[in-house]
Amino acid sequence: MRPVAAVEFPAEVEETYHRARRLEWITVAYVASAAAFLYVTMGTSQAMRTSFFEDVVSVVPALAFLVGTSVARRAPGPDYPYGTHRATSIAYLTASLALCAMGVFLLAEAAVKVLSDEKTTIGGFSLFGHVVWGGWPMLAAILYSAVPSVLLGRAKLRLAPKMHNKVLHADAEMMKADWMAEGATAVGVVGAGFGLWWLDPLAAALVSADILKDGASNLKAAVLDLVDRRPEKTDQSGPELLPDRVRDLLRGLDWVADAEVRMREEGHVFMGEAFVVPRPGAGDLVRELGRAAEAAKALDWRMHELTIMPVERLPDAEPR
């Protein structure tokens, strides 16, 4: 069985790939320290407990990216003739499932706390002969968890489209929006300090709902990618334009009367087929087909494998 060619990133994409991996390793180390800070300061606060678990689960997309991209770059072979590019899609699915599961668990936990009427109290501790409110270390932990997350998220968001990596994009979006979840946690802590105990589980429920929303939206995208839907942009904002660009290129060739393409995502690269109707007297068709395939792959580094087949005619209309 003939395997496809191994993927080789262009120089600028290779640099982006290594930068993204460095950022993800930094994320793993930072999230571990932030989760530890939240754990030692959370006390009886449900919002702080939820924020701690949010930090714990937020490391899953980073680990999924690190593992998925490593596996995806393995060279194709007899057992995997198409390569292992879909490892990134499986990593995306794994991260999304983890977020959904944690969101459901924490939302149910917050609801139980509200219904049980268990009041959150934040006491104090003695420091150099003075009593310090326990909420201050909590707010410091929240600030430490929020600010670097936003900065890391923005940095990753710039890199994700360059690699067409949806795991990295999902991770970046969640980290960029982390300030909202941490803000809700801070409101819960301050509310408990003023005796508004119900603000604490309410904040926990809001954070849990945000986790569940992120997980559900990314789970939908991951499943649709795995069942070979039409390729989508990295940010899921609409259909990817590369299939149309390849079709237009083929239709512009002087020996082609009409053309259509069928394409799918294999992780961060695209593979597919093109069907062309040759004009009468097209000449050396084998040579022309080879040139057309190379021209299509030269359009974009993500166009990794394209099989072009000459046909007598195209279907009258695309199926919907």
Handout entry: Student exercise, the range 1-51 dipole from Lys, Arg, Asp, Glu Cβ charges, in Debye to nearest 20
Key = 260 debye
Exercise for the section: For D284 and Y80, calculate 0.36 nm times their separation in residues minus their Cα-Cα distance, and state this gained length in nm to one decimal. Expected result: 70.2 nm
Fill in the blank from the handout: Dipole check, the range 11-226, charges on Cβ (K,R +1; D,E -1), about Cα centroid: among G215, C100, I90 the Cα furthest to the positive pole belongs to I90
Fill in the blank from the handout: Log10 I(q)/I(0) at q = 0.14, 0.24, 0.26 Å⁻¹ for the range 242-310, from Debye over equal alpha-carbon scatterers, is -0.36, -1.00, -1.16
Practice task
In debye, nearest 20, what is the charge dipole magnitude of the chain about its Cα centre with +1 on Lys and Arg Cβ and -1 on Asp and Glu Cβ, if you could check?
Solution key: 280 debye
Exercise for the section: Please turn the phi angles of the range 182-197 into ³J(HN,Hα) values with the Karplus equation 6.51 cos²θ - 1.76 cosθ + 1.60 (θ = phi - 60°), one per residue in order, whole Hz, x for glycine and proline. Expected result: 5, x, 5, 4, 4, 4, x, 5, 5, x, 5, x, 8, x, 8, 4
Practice task
Sticking with the crude label model, points 7 Å out along Cα→Cβ, report the distance from L314 to E14 in nm, one decimal please.
Solution key: 3.7 nm
Fill in the blank from the handout: Among M263, L168, V277, the residue whose Cα sits farthest towards the positive end of the charge dipole of the chain, when +1 is placed on the Cβ of each Lys and Arg and -1 on the Cβ of each Asp and Glu, is L168
Exercise for the section: Go ahead and estimate [θ] at 222 nm for the chain from helices alone: -39,500 (n - 2.57) per DSSP H run with n ≥ 4, summed, over the residue count, rounded to 500. Expected result: -21000 deg cm²/dmol
Problem - Nearest-0.05 FRET efficiency for S70 and V40, computed from C-beta distance (R0 41 Å) - result: 0.80
Practice task
Starting with the highest mean, order 308-315, 48-55, 137-144 by the number of other Cβ atoms within 10 Å, averaged over the residues of each peptide.
Solution key: 48-55, 137-144, 308-315
Completion exercise
Between A257 and residues 5 or more places away or on another chain, the pairs with built amide H atoms under 5 Å apart involve V277, R279
Fill in the blank from the handout: Under 5 Å from the placed amide H of E266, counting only residues 5+ away or on other chains, we find M271
Fill in the blank from the handout: Under the Karplus relation with 6.51, -1.76 and 1.60 and θ = phi - 60°, whole-Hz ³J(HN,Hα) for the range 216-227, x at Gly and Pro, equal 5, 5, 6, 5, 4, 5, 5, 5, 5, 5, 6, 9
Practice task
Could you work out the Kirkwood radius for the chain, taking every pair of different alpha carbons, averaging 1/r and inverting it, reported in Å?
Solution key: 22.2 Å
Practice task
Quick one: what are the phi-derived ³J(HN,Hα) couplings along the range 47-57, Karplus 6.51/-1.76/1.60 with θ = phi - 60°, whole Hz, x for glycine and proline?
Solution key: 5, 5, 4, 5, 5, 4, 5, 4, 5, 4, 6
Completion exercise
Extension length gain for R21 and V227 (0.36 nm per residue less Cα distance), in nm, is 71.4 nm
Exercise for the section: Please work out how much length the chain gains when fully extended from R291 to V104, using 0.36 nm per residue of separation minus the C-alpha to C-alpha distance, in nm with one decimal. Expected result: 62.1 nm
Problem - Rounded to 5, the percent of DSSP beta bridges in the range 242-310 classed as antiparallel - result: 60 percent
Fill in the blank from the handout: W136 and D248 label points (each 7 Å along its Cα→Cβ direction) are spaced in nm at 6.2 nm
Problem - Acute angle (nearest 10 degrees) that the helix 242-251 long axis makes with the longest principal axis of the chain, alpha-carbon atoms - result: 10 degrees
Handout entry: Cross-link pairs beyond the 23 Å C-alpha cut-off, checked among K166/K213; K213/K233; K162/K213; K162/K297
Key = K162/K213
Completion exercise
Quick calc: nm separation of the 7 Å Cα→Cβ label points for F194 and L299 -> 5.8 nm
Completion exercise
For K233, the residues 5 or more places away or on another chain with a placed amide H closer than 5 Å to its own amide H are G238, E240
Handout entry: Percent of beta bridges antiparallel (DSSP, the chain, rounded to nearest 5)
Key = 70 percent
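Just so you know, all these numbers are worked out from the coordinates, no wet-lab data involved. This structure is a prediction, so every number in the text was calculated from the model and none was measured. When we count neighbours, we look across all protein chains shown, and the Cβ atoms used for this are built from the backbone with ideal geometry, even at glycine.
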